[in-house]
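The values are calculated or read from the model by the stated rules, or taken from the named source; none is laboratory data. Everything numeric in this text was worked out from a predicted model, so none of it was measured. Note that each Cβ is placed from the backbone with ideal geometry, even for glycine, and that neighbours are counted across all protein chains shown. Ligands, DNA and RNA are stripped out before the accessible areas are found, and what is left, the full protein with its side chains, is counted by its heavy atoms. Shrake-Rupley method; radii C 1.70, N 1.55, O 1.52, S 1.80 Å.
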Amino acid sequence: MSGESAPERWSASKIYGDDMWADPDDDPRSWGDQQDERSVLVEYLRDYRLTLELKCAGLDVGQLARRSVPPSTMSLLGLIRHMADVERSWFRRTMAGEDVPFRYWFNPEPDVDWTGAVADPEVVAQAWQAWRDEVAFAEQFVADCDLGRLGVKSDGKPISLRRVMVHMIEEYARHCGHADLLRERIDGRVGQ
């Protein structure tokens with residue numbers, strides 16, 4: 001990235017400037033009015049999933065695959081692939097008890113969720129489809145279960161759906177922070 005000029009910072013928000021990603025009427029996230037525990041957890045997780053999508057919106061395959069800064073292998077496309085496996089691990093494997101392989105983790109090449117995130121339209125399409133499939137499974141699973149339902153972690157210890165939901169909100173919040181920086185480096189777009 002040395003020698004590469006930095007993009008001009010900008011926001012799509014006309015009301016709030018670069019404090020917001022978009023104006024409230026153009027933002028699909030709810031950032032809520034929910035009060036009961038289940039609705040709060042579902043809403044926050046939904047909004048963070050939408051945030052990841054928004055941070056990737058309007059970018060071409062090369063931009064999605066662009067790495068942050070050396071030696072990092074992180075990219076927005078890598079985040080999509082990574083979160084597909086995070087969703088799969090917690091909801092299918094841990095909570096539903098499905099014996100399904102990971103999509104990207106534990107291949108012969110370490111960190112293939114990141115290193116395999118290359119500027120290829122097919123790789124991008126597969127990553128989005130994998131992530132959407134895992135999110136759809138998770139949303140239906142949560143809709144069908146009580147928050148106290150127990151799953152089994154890889155170490156054999158039980159974990160509640162409630163705790164998994166809180167962890168997923170934390171996981172997305174952390175990675176959406178990465179996505180903020182990645183997106184700003186790609187085209188200068190800023191905002192929460």
Residues (basic (Lys, Arg) and closer than 30 Å to LEU147 by Cβ) located in the range 32-89: ARG38, ARG46, ARG49, LYS55, ARG81, ARG88
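So that you can scan it fast, the table gives a plain yes or no per residue for (1) modelled with pLDDT of 90 or more; (2) polar (S, T, N, Q); (3) part of a helix (DSSP H, G or I); (4) under 30 Å from ASP85 (Cα atoms):
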position: SER5; (1), (2), (3), (4): no, yes, no, no
position: TRP31; (1), (2), (3), (4): no, no, no, yes
position: SER39; (1), (2), (3), (4): yes, yes, yes, yes
position: LEU50; (1), (2), (3), (4): yes, no, yes, yes
position: GLU53; (1), (2), (3), (4): yes, no, yes, yes
Kindly establish whether LEU147 is touching a Cys at 6+ places or on another chain (Cβ under 9 Å) and either surrounded by 15 or more Cβ atoms within 10 Å (Cβ to Cβ) or closer than 21 Å to ARG46 by Cα (or both). no
Tell me, please, whether a residue that is of a type outside the set (A, V, I, L, M, F, W, C) and either open to solvent by 60 Å² or more (accessible area, probe 1.4 Å) or touching a strand residue (DSSP E or B) at 6+ places or on another chain (Cβ under 7 Å) (or both) can be found in the range 173-180. yes
Of everything in the range 59-69, what is modelled with pLDDT under 95 and surrounded by fewer than 16 Cβ atoms within 10 Å (Cβ to Cβ)? Give them in sequence order. VAL69
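Scan the range 117-140 for residues that are open to solvent by 20 Å² or more (accessible area, probe 1.4 Å) and not aliphatic (A, V, I, L, M) and jot them down.
Initial filter on the range 117-140 (open to solvent by 20 Å² or more (accessible area, probe 1.4 Å)): 118-123, 125-126, 128-129, 132-133, 136-137, 139-140.
Residues satisfying the conditions are ASP120, PRO121, GLU122, GLN126, TRP128, GLN129, ARG132, ASP133, PHE137, GLU139, GLN140.
Scan TRP90, TRP105 and give me the residue that is out of contact with any Gly (no Cβ under 7 Å at 6 or more places or on another chain), touching a residue at least 60 places away in the same chain (Cβ under 8 Å) and on the phi < 0 side of the Ramachandran plot. So that I can check it myself, show each step before the final result.
Values: TRP105 fails: touching a residue at least 60 places away in the same chain (Cβ under 8 Å).
Just one listed residue meets the conditions, TRP90.
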